[in-house]
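What follows is one structure encoded as structure tokens, with my remarks underneath.
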Amino acid sequence: MSHSSLGHGVPARVTVIGAGIVGLSCAWSLQEHGIEVCVVDRARPGAGASWQNAGLVAPAVCVPLPEPSLLRYGVRAVSSPRSPVGLVHAGDPQLLRFMATMVRHCTTAAWRRSMATYRGLNERVVDSYRHQLEGGVSAELREGDVLACFADPRESAGFLHEMEEIVGAGQSADVTLLTGDEARQAEPLLSDRVAMAVAVRGQRYLTPSAYVTALAKSVRERGGKLIEDTPVTAVERRHGILVARGPGAELEAEAMVVAAGAWASHVLAGHGVRVPIYGGRGYSFTVALDRPVRGPLYFPAARVAVTPQDDRARFAGIMEFGSPDAAMRPARIAHMLRASRPMLHGVDWSTKADEWMGPRPLSADGVPLVGATRTPGLYVAGGHGMWGVTLGPLTGAMLATQIATGVVAPELVPLDPCR
Ligand SMILES: Cc1cc2nc3c(=O)[nH]c(=O)nc-3n(C[C@H](O)[C@H](O)[C@H](O)COP(=O)(O)OP(=O)(O)OC[C@H]3O[C@@H](n4cnc5c(N)ncnc54)[C@H](O)[C@@H]3O)c2cc1C
């Protein structure tokens, strides 16, 4: 019987649409419950935002995106091409719908409400990674402090205010202020331009492409099926069974999870999910260094994160609201490079390589969408925006438990996709 259940309405097989860190984590955790999985991707594992992002697993600074200062950045984005925030097609009706909701959530009160939700999740991030690493995902998760560096101490006001709000929300964060010299002692690659830094202690980081590859391998080794180059355009329910349709195939399953990153809203049309997910395109590149960078750095004024990657460093940043399928804009990379260059020495900028663009799946209200849709058996895991690497494994674990037991954990209630 191809569509049998394990009992109590538990599906024996689940199809996951999207093989990014979130979809693969869902598949991996469903396997923990003895459920067979098939993961289908329009391209291949890690083809979206999960490939070459900054790779920070940083629960201390994992917070909702919509907040009052985003509006100020938004105005600058329209008026200045040098802003780290930008738009691709200002006239896109989907963008307008997304922005209308996001702007409504750019208030301190809304941020604090969402932050309470993030706090509950952030406490469990490290355990969720530990579970995957001990359960056969063969990848590295390294521990380090995130060093937020400022050329002018006055620039640190916004960052420090955010840290104050985070701690005020009850989230633990171990933060130390450093002088420029102390920062250079901690990280000798920092230049004399760095006047002060804020060290956020005890965070984690990984090489995202390596992690996603290891996660996909583990899903396969545990008997999961991965189908590549197969886009799903819609999901419908026929005679009690879900059917994922696309130009190349029709896949059937009792239950499905849409984890299609910034593309998810298209697949979810007609299933009662009203909060739009839109692309927040970010860019990255790597360069060679005189000596390895010791741990993650962050340049808040430029919104650029620097993460160690073997003998190179990966620079990641930019928030460009736009379609995930629009072409890369090389000027964005040039901007990141210009903004980062004065903060470092010992970098051979001529070795710039691995230029990449990935679309962060931004939910318009800043809270991820994880749970059931209005269509029986159809679930969503997405909309993690800036923090899908940090929250991916936990999301997979929580959603798999919901699918396997039918019980919605209290932490998942505010993430209800049909809110
Ligand atoms: C520059 C940058 C830096 C970042 N830094 C960090 C960081 O330091 N820490 C952190 O926690 N997060 C970070 N993020 C965010 C993080 O990368 C994302 O939140 C996360 O990767 C989202 O994972 P996902 O699985 O939901 O989506 P994706 O990785 O985009 O995966 C979606 C998958 O679905 C597939 N797909 C899409 N449509 C369909 C379809 N119709 N049919 C079949 N398959 C489909 C795609 O091919 C893709 O493989 C960063 C993002 C960027 C861009």
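Summary table below
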quantity	calculated
Karplus-derived 3J(HN,Hα), 6.51/-1.76/1.60, for each residue of segment 245-255, Hz, glycine and proline x	9, x, x, x, 6, 10, 10, 10, 7, 6, 9
Tail fraction, Cα-Cα pairs, the chain, threshold 26 Å, whole percent	52
Placed amide H near T230: partners under 5 Å, 5+ positions off or other chain	D41, R42, A43
Tilt relative to the chain, helix 388-405 - C-alpha long axis, 0 to 90 degrees, to 10	20
Burial order of peptide ranges 279-286, 348-355, 239-246, 298-305 (average beta-carbon count within 10 Å, highest first)	279-286, 298-305, 239-246, 348-355
J(HN,Hα) series, segment 168-182, from Karplus relation 6.51 cos²θ - 1.76 cosθ + 1.60, nearest Hz, glycine and proline x	x, 7, x, 8, 7, 8, 9, 10, 10, 8, 10, 6, x, 5, 5
For segment 99-198, the fraction of alpha-carbon pairs in successive 10 Å shells from zero, as %	13, 30, 30, 25, 3
Sequence-distant residues sharing a close amide H with A195 (under 5 Å, placed H)	F150, A151, D152
Net charge dipole size for the chain [Lys, Arg +1 and Asp, Glu -1 on Cβ; Debye, nearest 20]	820
Packing rank of 183-196, 153-166, where each peptide gets the mean count of other beta carbons within 10 Å, highest leading	183-196, 153-166
Percentage, to the nearest whole number, of Cα pairs in segment 288-419 over 17 Å apart	67
Among 394-406, 249-261, the order from most to least packed when residues are scored by Cβ within 10 Å on average	249-261, 394-406
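Read the figures in this text as sums done on the coordinates, not as results from a lab. The structure presented is a predicted model; accordingly, all values stated were derived computationally and were not measured. For neighbour counting, all protein chains shown are included, and Cβ atoms are generated from backbone atoms with ideal geometry for every residue, glycine included.
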